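Worksheet for the structure shown next.
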Amino acid sequence: MDVTARTDGRGPAELRSTSIQRGFLDYAEGSCLITMGQTRIVCTASVEDGVPAWLRGKGKGWVTAEYRMLPRATHTRTPRETNRIGGRTHEIQRLIGRSLRSVVDLKLLGERTVWVDCDVLQADGGTRTASITGAMVALYDALRPRADKPRAPAIHPVIEFVGAVSVGLVGSFPVLDLCYGEDVAAGVDMNVVMTEGGRFVEVQGTAEGEPFDRNALDTMLDLGIRGIKELIVIQKSALGL
């Protein structure tokens with residue numbers, strides 16, 4: 001694959017066209033629709049009084065996440081996960097929860113639980129990373145101290161922003177923000193989750209065939225850092241910050 005000939009005409013260090021529509025749903029305390037290329041995900045954040053039993057009486061809150069993909073989010077129908085979720089779904093929603101908790105002061109949250117739901121309307125690669133990026137906006141909005149949000153804490157508990165993006169080696173070339181076609185063809189696929197302050201929540205990369213060296217790792221990581229910085233600007237713009 002020629003690095004100048006990505007399927008959608010992007011350069012190797014370019015994000016897909018990305019937008020975040022804040023307040024996408026009327027009833028959730030925080031919500032948004034994030035669009036990255038052809039991937040579209042609705043993210044909501046719901047605030048409830050109370051915490052899981054193991055946290056009661058400790059003066060701390062909790063942030064947890066659920067992730068689902070609609071049956072026709074992909075080219076063929078995927079059965080709904082009803083009675084039991086699959087391993088991939090479980091892994092992704094745990095990652096979303098960890099990523100968001102990493103930037104929330106749970107003591108300032110108080111004994112409240114924030115449920116974050118990420119529902120994939122259409123998938124074209126990068127759904128877990130786009131979910132984290134969109135969920136951050138929904139979470140921040142849900143916890144803004146406002147008169148019409150009685151469950152929001154008096155002081156905003158978000159310490160900093162967090163974003164996520166995919167990177168990879170496609171035909172030996174490092175590229176940012178892989179669409180599905182690139183993901184399938186990638187020799188190395190990596191997900192990077194990073195806070196605004198430059199600290200990592202997750203760096204997970206896998207070679208599908210030939211192993212990759214340290215130089216390739218550093219190049220991909222640099223691309224991921226660059227992409228996440230751009231995404232955090234988009235997050236803040238959507239929130240009017």
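Here are a few things to note about the model shown:
- So Gly181, is it more than 30 Å from Lys107 (Cα to Cα), in a loop (DSSP other than H, G, I, E, B) and modelled with pLDDT under 95: no
- Considering only residues in region 82-131 that are of a type in the set (Val, Ile, Thr) and without any contact (Cβ under 8 Å) to a residue 24 or more places away in the chain, the one that is nearest to Thr39 (Cα to Cα) turns out to be Thr89.
- Just one of the listed residues (Val175, Val165) is closer than 16 Å to Gly134 by Cβ and either part of a strand (DSSP E or B) or in contact with a helix residue (DSSP H, G or I) (Cβ under 8 Å, 6 or more places away or on another chain) (or both), and it is Val165.
- Checklist (1) surrounded by fewer than 23 Cβ atoms within 10 Å (Cβ to Cβ); (2) in contact with a helix residue (DSSP H, G or I) (Cβ under 9 Å, 6 or more places away or on another chain); (3) β-branched (Val, Ile, Thr); (4) over 21 Å from Gly23 (Cα atoms) applied to Thr206, failing item: (2)
- Of all residues in region 194-241, exactly one satisfies the criterion of being free of Cβ contacts under 8 Å to residues at least 12 places away in the same chain and part of a strand (DSSP E or B), namely Phe200.
- Options Glu160, Glu81; residue that is at pLDDT 95 or above and assigned to a loop (DSSP other than H, G, I, E, B): Glu160
Listed here are the residues, each with its yes/no results for (1) free of Cβ contacts under 8 Å to residues at least 24 places away in the same chain; (2) loosely packed, with under 14 Cβ neighbours inside 10 Å; (3) not hydroxyl-bearing (Ser, Thr, Tyr).
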{"residue": "Arg40", "(1), (2), (3)": "no, no, yes"}
{"residue": "Gly50", "(1), (2), (3)": "no, yes, yes"}
{"residue": "Leu55", "(1), (2), (3)": "no, no, yes"}
{"residue": "Gly59", "(1), (2), (3)": "no, yes, yes"}
{"residue": "Ala65", "(1), (2), (3)": "no, no, yes"}
{"residue": "Leu70", "(1), (2), (3)": "no, no, yes"}
{"residue": "Ala73", "(1), (2), (3)": "no, no, yes"}
{"residue": "Thr76", "(1), (2), (3)": "yes, yes, no"}
{"residue": "Arg80", "(1), (2), (3)": "yes, yes, yes"}
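- The single residue among Arg10, Arg16, Arg40, Arg22 that is at pLDDT below 95 and closer than 24 Å to Ile232 by Cα turns out to be Arg10.
- Criterion: surrounded by 16 or more Cβ atoms within 10 Å (Cβ to Cβ) and on the phi > 0 side of the Ramachandran plot - qualifying residue of Asp177, Asp189: Asp177
The values are calculated or read from the model by the stated rules, or taken from the named source; none is laboratory data. Keep in mind it's a predicted model, so treat the numbers as computed, not measured. Backbone-built Cβ (ideal geometry, glycine too); neighbour counts: all protein chains shown.
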